[in-house]
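Reviewing the structure listed below.
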Amino acid sequence: MSAENGAGGTATWLYVVVAVAAVLIGVLLAPQAMRLTQGAGQDTPDSVAVVPIEGPITSSTADQINANLREARRNDSIKAVVLDVNSPGGTVPASEALYLAVNRTTAAGIPVVASVNGQGASGAYWAMMPASRIYVTPGSIVGSVGVIGTKPAGGAAGSQIITGPDKGAGGTEAEFRDRVEMLRQQFVTTVTNERGDRLELSRQELSYAKVYAGSVAQRNGVADEIGGIDAAIQRAAENADLEDYAVTRMDPPEQPGLGIILGSQETGRTNDSGTRRVVVEQSPFDYDGVETPHYLALYGLPERGEVSDDG
Amino acid sequence: MANVPKLVGVFALVLALVLAIAAAIPLLASPSGDANPRPQDPASFEPGTIVPQELSQNGSVSVDAGSDRKVVLIDRAHENDFDREEIEPMVDALVEQGYEVRFHGGSGPGGAPSPSAGPGSSSPLNQSLRGADAFVVISPDRPFTDAARRGVADFAERGGRVALLGEPTSQSPAIVGIFGPAPQSTAASQMTPLSSRFGMSLSTGYLYNMHENGNNFQNVYATAAGDGPLTEGVDRVLFDRATEVAVGGDASVALSATDRTALSTTRQQGGYPVAAVNGNVALIGDTSFLTPANYQYADNEVLIGNLAEFLVTGEKEPKPKPTAQRPGVPPGAGQPRPPSAGPPPTNGSTPPSTATPAAP
């Protein structure tokens with residue numbers, strides 16, 4: 001009886017020892033097993049995502065670009081991001097939102113490199129500030145660090161009744177001026193902080209809101225390198241220590257059609273050089289007969305709600 | 001003795017189970033949110049970094065002058081680009097001190113010219129000037145006739161005080177309205193043909209300062225230059241979109257823009273004069289400091305008080321008899337007098353264009 005018990009106890013112990021040994025060996029081998037399945041749930045191997053920033057930056061296009069950047073942060077196969085920029089900027093709130101989205105992407109440890117293809121001015125330049133490098137071509141345009149404020153005339157007209165003196169315009173002329181000044185300081189501070197020592201322009205020189213051709217921008221530190229999108233992709237891959245990688249081009253932001261117009265872009269050939277007219281912003285709260293203030297980080301001067309710029 | 005195959009089986013089973021769990025973890029843990037989200041607080045979004053300093057507004061306009069009865073005439077007949085409420089602080093201060101303020105040709109909102117304004121010596125302006133002790137011209141968009149210019153020069157020669165205030169004529173790029181740039185006069189200023197008789201003129205560009213300004217590059221500060229009737233008690237004033245005053249002849253600079261102020265047309269930095277005085281005539285390259293919205297910035301209210309005192313402290317001599325020789329123009333006047341000057345009064349509303357010097 002006791003001999004049987006002793007034999008049974010020894011057998012149980014043996015099973016336990018074997019199981020523990022199996023667990024220990026399994027734990028040792030677990031990383032290899034995890035690595036085997038690491039990419040199995042994803043479509044592609046390590047990749048560099050190209051996120052287009054095209055056309056006027058409005059709340060709608062910024063949302064779409066933000067969604068692309070969010071996807072880049074979620075998707076483990078995306079190891080680096082290249083911003084493919086061709087935009088004259090847009091509204092200040094949308095540009096800020098884009099800046100924060102790019103900033104969040106770099107904060108998540110994903111290298112971001114910007115490539116300006118055409119123009120990366122004002123709000124578009126603002127948005128690409130967190131990028132570690134800015135690639136430009138000699139003829140591309142960057143800069144325009146400044147803000148345009150437009151405001152309604154204010155006051156009550158005709159049979160309107162307003163409940164306070166600033167209900168119409170939202171504030172006095174001085175307050176409006178100070179608000180625009182605050183936005184300028186925010187923009188200039190962002191650029192000087194993010195560009196750091198690379199920038200050879202003073203705050204005052206930046207505040208002129210000039211645009212610079214790529215070759216000039218590379219010299220004065222508004223941009224970093226002369227090169228196209230492929231050079232930018234290569235740099236982004238190097239920053240992410242990628243040797244073998246795929247390039248994933250994300251969808252460009254769609255300019256909404258009629259109905260909820262938030263921005264549109266059309267090209268008309270009025271002369272040899274061509275003139276582009278950009279409808280900047282009709283916010284969701286804008287409708288016929290109602291003027292609302294706008295703060296634009298845009299290269300070009302609004303003309304009757306539109307922006308004309310050569311290019 | 002334990003069954004060896006059973007032991008191997010248990011070992012394999014447990015090992016497979018552990019490895020299977022390990023392999024499944026990456027598949028199960030598909031990301032559902034931001035990878036590695038971190039709080040963001042970019043320094044450039046900190047209010048303390050970017051909210052501009054609020055400009056203080058205080059003080060009131062005081063006019064400390066004699067109690068003589070004086071009449072200040074304000075021109076409205078030359079499409080002067082201002083509204084009555086924009087000069088209220090100065091007008092109120094004058095009226096409170098018992099001085100009379102009249103408007104010449106202010107029949108319409110834009111200061112419609114009198115239909116009988118002609119190049120004759122008996123033009124309505126000259127008639128109005130006879131009853132006035134001081135004359136104020138603000139941003140005229142319509143040229144003064146040759147007779148009117150002579151009349152103003154004569155008025156100043158006899159001791160009447162003249163204040164000329166103008167704005168830059170180039171378009172402002174700073175703030176645009178919702179439906180495009182704010183309506184501004186695109187016509188060249190008509191001030192210089194008048195002010196140049198007194199050795200002073202206005203530039204067309206605007207002054208700006210990227211280094212020290214009143215929360216906008218076009219809000220420039222100006223400081224007193226020397227002792228003059230306009231600068232007593234003035235440390236510095238704030239002008240919203242001023243223009244340069246060119247000073248020659250006997251005129252002297254009263255106010256100069258602060259260092260590193262630049263002119264929009266040349267982009268050159270310099271100590272640009274923005275106000276000048278020549279005897280009984282003062283020229284200021286800004287009108288915004290008169291407005292209710294701006295008159296309390298810096299020492300603007302002191303400047304307005306000084307300007308008002310300048311206007312009412314002149315001692316105008318009575319006009320000589322009509323047959324007497326007309327007094328000459330002051331030194332420095334370079335306006336050639338057309339040979340046809342002084343034709344009989346006509347009913348034409350505009351003078352011959354050849355008699356109107358072109359503005360710069």
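Tally Lys and Arg at +1 and Asp and Glu at -1 over the other residues with C-beta under 9 Å from the C-beta of B:ASN126: what net charge comes out? It would help to have the intermediate numbers written out before the result.
On the way: positive: B:ARG130, B:ARG150; negative: B:ASP154.
Net local charge, B:ASN126 excluded: +1.
Mind checking the mean number of beta-carbon atoms from other chains within 10 Å of the Cβ atoms in B:46-52?
For peptide B:46-52, the averaged partner shielding equals 5.
Can you bin the stretch A:108-229 into rounded, prolate or oblate? Criterion: square roots of the alpha carbon gyration tensor eigenvalues sorted a ≥ b ≥ c, rounded for a/c under 1.5, prolate for a/b above b/c, oblate for the rest.
Prolate is the answer for the stretch A:108-229, as a/c is 1.5 or above and a/b outweighs b/c.
Add +1 for every Lys or Arg and -1 for every Asp or Glu among the other residues with Cβ under 9 Å from the Cβ of B:THR223, and state the total.
Its environment carries a net charge of 0.
Using 7 Å Cα-to-Cβ label points, what is the B:ASN58/A:TRP13 separation (nm, one decimal)?
9.3 nm
Within a 10 angstrom radius of each residue's Cβ in B:231-243, how many Cβ atoms of other chains show up on average? Whole number is fine. The partial results should precede the final answer.
Values: counts 0, 0, 0, 0, 0, 0, 0, 0, 0, 3, 0, 0, 0.
The mean count of partner-chain Cβ atoms within 10 Å per residue comes to 0.
Tell me which GluC sites (Glu not before Pro) from the stretch A:136-213 have a DSSP coil assignment and no more than 13 other beta carbons within 10 Å of their own.
A:GLU200
I need the chymotrypsin sites (Phe, Trp or Tyr not before Pro) found in the stretch B:191-250, filtered to DSSP loop residues with at most 10 other beta carbons within 10 Å of theirs.
Here no loop site has a sparse enough neighbourhood.
Give, as a single signed number, the net charge of other residues whose beta carbon lies under 9 Å from the beta carbon of B:GLY285, with Lys and Arg counted +1 and Asp and Glu -1.
-3
Which aspartates and glutamates, if any, have their Cα less than 12 Å from the Cα of B:LYS70, not counting same-chain residues under 8 positions apart?
Of all the aspartates and glutamates, those that pass the test against B:LYS70 - Cα under 12 Å, at least 8 places apart if same chain - are B:GLU100, B:ASP133, B:GLU309, B:GLU315.
What is the distance, in nm, between label points placed 7 Å from the Cα along the Cα-to-Cβ direction at A:GLU225 and at A:ASP241?
Inter-label distance under the simple model: 1.9 nm.
Since every read-out is calculated from the coordinates, none of them should be taken as a lab result. What you are looking at is a predicted structure, and each value in this text was computed from that prediction instead of being measured. No Cβ is skipped: glycine too gets one built from the backbone with ideal geometry, and neighbour counts run over all protein chains shown.
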